[in-house]
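Let me begin by presenting the structure, written as structure tokens, before commenting on it.
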Amino acid sequence: MIAEETLFPWPDADPIEAFIAPERIVRVDHVLRRRLVSLTAVFEDIIDPHNVAACVRTCEGFGLHDVHEINPRHGPHLSAGIAKSAQQWVDVHLHQTTEGAIAALKAQGFQIWVSDLQAEQTLDELPVEGNVAIVVGNALNGISETMRAAADRRYILPMYGMVQSFNLSVALAMSLQGVVARRRAQLAHQGRLGDMSMDRMWRTRQRWLEFGVRNAPTVRKQLAAQTKRD
Ligand SMILES: C[S@@+](CC[C@H](N)C(=O)[O-])C[C@H]1O[C@@H](n2cnc3c(N)ncnc32)[C@H](O)[C@@H]1O
């Protein structure tokens, strides 16, 4: 059993906490401690913005912090209704091309795992080691040949019905269900709840706390000026 209160203290107290309900601060800290940055999801050339929003919401729910969108057709504004504002809690990285996304992910040490109807292995046959990026393709054409060629692993989610494929956000959820559980078990073994660095958690915490404060930048300035005077 991990004693949560021993995992912090933060490097500093954040003065903006004075403007936020204590339960909200507890909730933010609870979620941050469980954030996963060693797993990410990649949406390749998704045409329907509702699908992108559903994928972002799924990732946030699983505790992923970074998601990647290739060939974003919808700008940074995803369908807010479906994402239920999930996008404000994750970092969405936009890539104009599949090649650019692959280069960026590889540079960050991610293996590329492609969910692919043409694959033969299943997800539970793959060892979850190191950083893993799960890729889903678009509803019409699936995964691109470029992505398929760059994949370290390809897997299929077995199907037993008449339809040929799952909706991509469903496929993503099924993929994350398997991979996230195994990564969390590995972390628990090391006495950890998540794997975001302390520095990034702190910066994210500052931003998240500001969501609950009207005119947060002004409030921060006033607090800083007050601290200088004191
Ligand atoms: C609606 S499917 C795409 C179907 C597309 N017509 C094709 O031929 O690939 C959208 C994406 O969800 C993922 N997906 C859906 N069902 C899957 C399955 N059974 N196994 C692996 N991936 C799946 C894949 O990433 C796929 O590119």
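Yes or no: the range 90-102 includes at least one residue that is within 16 Å of the ligand (Cβ to nearest atom) and not polar (S, T, N, Q). Yes, because at least one residue in the range 90-102 is within 16 Å of the ligand (Cβ to nearest atom) and not polar (S, T, N, Q). Based on this model, can you work out whether residue 161 counts as among the small types (Gly, Ala, Ser) and either touching a Gly at 6+ places or on another chain (Cβ under 8 Å) or within 23 Å of residue 64 (Cα to Cα) (or both)? Considered against the rule, which asks whether it is among the small types (Gly, Ala, Ser) and either touching a Gly at 6+ places or on another chain (Cβ under 8 Å) or within 23 Å of residue 64 (Cα to Cα) (or both), residue 161 comes out as no. Summed over the range 124-134, residues that are more than 10 Å from residue 154 (Cβ to Cβ), within 16 Å of the ligand (Cβ to nearest atom) and not in a strand (DSSP E or B) total 2.
Here 90, 28 are screened, and the one residue that is among the hydrophobic types (A, V, I, L, M, F, W, C), farther than 30 Å from residue 148 by Cβ and modelled with pLDDT of 90 or more is 28. Quick check on the range 55-65. Is at least one of its residues under 14 Å from residue 45 (Cα atoms) and either in a strand (DSSP E or B) or at pLDDT below 90 (or both)? No, every residue in the range 55-65 fails to be under 14 Å from residue 45 (Cα atoms) and either in a strand (DSSP E or B) or at pLDDT below 90 (or both). Examine the range 106-118 for a residue that is at pLDDT 95 or above, under 16 Å from the mean Cα position of the chain (by Cα), within 14 Å of the ligand (Cβ to nearest atom) and surrounded by 14 or more Cβ atoms within 10 Å (Cβ to Cβ), and state whether such a residue exists. Within the range 106-118 (the criterion being at pLDDT 95 or above, under 16 Å from the mean Cα position of the chain (by Cα), within 14 Å of the ligand (Cβ to nearest atom) and surrounded by 14 or more Cβ atoms within 10 Å (Cβ to Cβ)), the answer is yes, since at least one residue qualifies. Could you please let me know if residue 171 is surrounded by fewer than 16 Cβ atoms within 10 Å (Cβ to Cβ), assigned to a helix (DSSP H, G or I) and either touching a residue at least 12 places away in the same chain (Cβ under 8 Å) or within 9 Å of the ligand (Cβ to nearest atom) (or both)? When the stated conditions are applied, residue 171 does not pass them. Only a single item in (1) in contact with a strand residue (DSSP E or B) (Cβ under 6 Å, 6 or more places away or on another chain); (2) over 19 Å from residue 61 (Cβ atoms); (3) aliphatic (A, V, I, L, M); (4) more than 9 Å from the ligand (Cβ to nearest atom) is not met by residue 223, and it is number (1).
Looking only at residues in the range 142-158 that are without any contact (Cβ under 8 Å) to a residue 40 or more places away in the chain and farther than 25 Å from residue 183 by Cβ, the one that is nearest to the ligand (Cβ to nearest atom) is 142. Here the range 175-200 is the region considered, the condition is being surrounded by 14 or more Cβ atoms within 10 Å (Cβ to Cβ) and within 15 Å of the ligand (Cβ to nearest atom), and the residue that is nearest to the chain's Cα centre (by Cα) is 176.
The values are calculated or read from the model by the stated rules, or taken from the named source; none is laboratory data. Given the structure is predicted, the values throughout are model-derived calculations rather than measurements. Backbone-built Cβ (ideal geometry, glycine too); neighbour counts: all protein chains shown.
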